[in-house]
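Visitor: The structure is given below, and queries will be raised subsequently.
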Amino acid sequence: MKISVSYAHPERPAWLRLEVAEGCTIAEAIERSGILGRYECIDLARNKVGVFGKIHPLDAVLKEGDRVEIYMPIIVDPKTVPTRKKGAAKAAPSSGES
């Protein structure tokens, strides 16, 4: 069956198409794709993986046409982003002040 493996590296993104056997898992597809040899920064113990934007375990079985995605680790805590934006807005002077 045909599937693809993608990794959205900011400088060198990859989208590899490959043929795998029925019953292939996410981990097997990633290994078979050779992508781990291209990107030393991928650590499957740290990077989350998924199919079409939904996180799945490495032992999930793939279906025809699935796109395996290897996600970049989160660097910023998403819970602090709205706080940071509000803090920046308060620090910036408004354009109506004289």
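The values are calculated or read from the model by the stated rules, or taken from the named source; none is laboratory data. Remember, it's a predicted structure, so these values are computed and weren't measured experimentally. Using ideal geometry, Cβ is built from the backbone for each residue, glycine included, and neighbour counts are taken over all protein chains shown.
Visitor: How many of the residues making up segment 32-54 are in contact with a strand residue (DSSP E or B) (Cβ under 7 Å, 6 or more places away or on another chain) and not in a loop (DSSP other than H, G, I, E, B)?
Guide: Of the residues in segment 32-54, 7 are in contact with a strand residue (DSSP E or B) (Cβ under 7 Å, 6 or more places away or on another chain) and not in a loop (DSSP other than H, G, I, E, B).
Visitor: For segment 55-67, how many residues meet the condition of being free of Cβ contacts under 8 Å to residues at least 40 places away in the same chain and either of a type in the set (Phe, Trp, Tyr) or part of a loop (DSSP other than H, G, I, E, B) (or both)?
Guide: 5
Visitor: How many of the residues making up segment 32-66 are at positive phi and modelled with pLDDT under 95?
Guide: As a first pass, look at segment 32-66 and keep what is at positive phi: 34, 52-53, 65.
So of that shortlist, the ones also modelled with pLDDT under 95 come out as 53.
The qualifying residues number 1.
Visitor: Based on this model, can you work out whether Pro78 counts as farther than 28 Å from Gly23 by Cβ and either outside any loop (DSSP other than H, G, I, E, B) or modelled with pLDDT of 70 or more (or both)?
Guide: no
Residues checked against (1) under 15 Å from the mean Cα position of the chain (by Cα); (2) without any contact (Cβ under 8 Å) to a residue 40 or more places away in the chain; (3) over 20 Å from Ala60 (Cβ atoms):
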| site | (1), (2), (3) |
| --- | --- |
| Tyr7 | yes, no, no |
| Arg12 | yes, yes, yes |
| Leu16 | yes, yes, no |
| Glu19 | no, yes, no |
| Ala27 | yes, yes, no |
| Glu31 | no, yes, no |
| Arg38 | no, yes, yes |
| Arg46 | yes, yes, no |
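Visitor: One residue is enough: does segment 18-31 have a residue meeting the conditions modelled with pLDDT under 95, more than 14 Å from Glu69 (Cα to Cα), out of contact with any Cys (no Cβ under 9 Å at 6 or more places or on another chain) and in a loop (DSSP other than H, G, I, E, B)?
Guide: Checking segment 18-31: not a single residue is modelled with pLDDT under 95, more than 14 Å from Glu69 (Cα to Cα), out of contact with any Cys (no Cβ under 9 Å at 6 or more places or on another chain) and in a loop (DSSP other than H, G, I, E, B).
Visitor: For segment 1-57: of the residues being of a type in the set (D, E, K, R) and closer than 18 Å to Ile74 by Cβ, which is surrounded by the most Cβ atoms within 10 Å (Cβ to Cβ)?
Guide: By that ranking, first place goes to Lys48.
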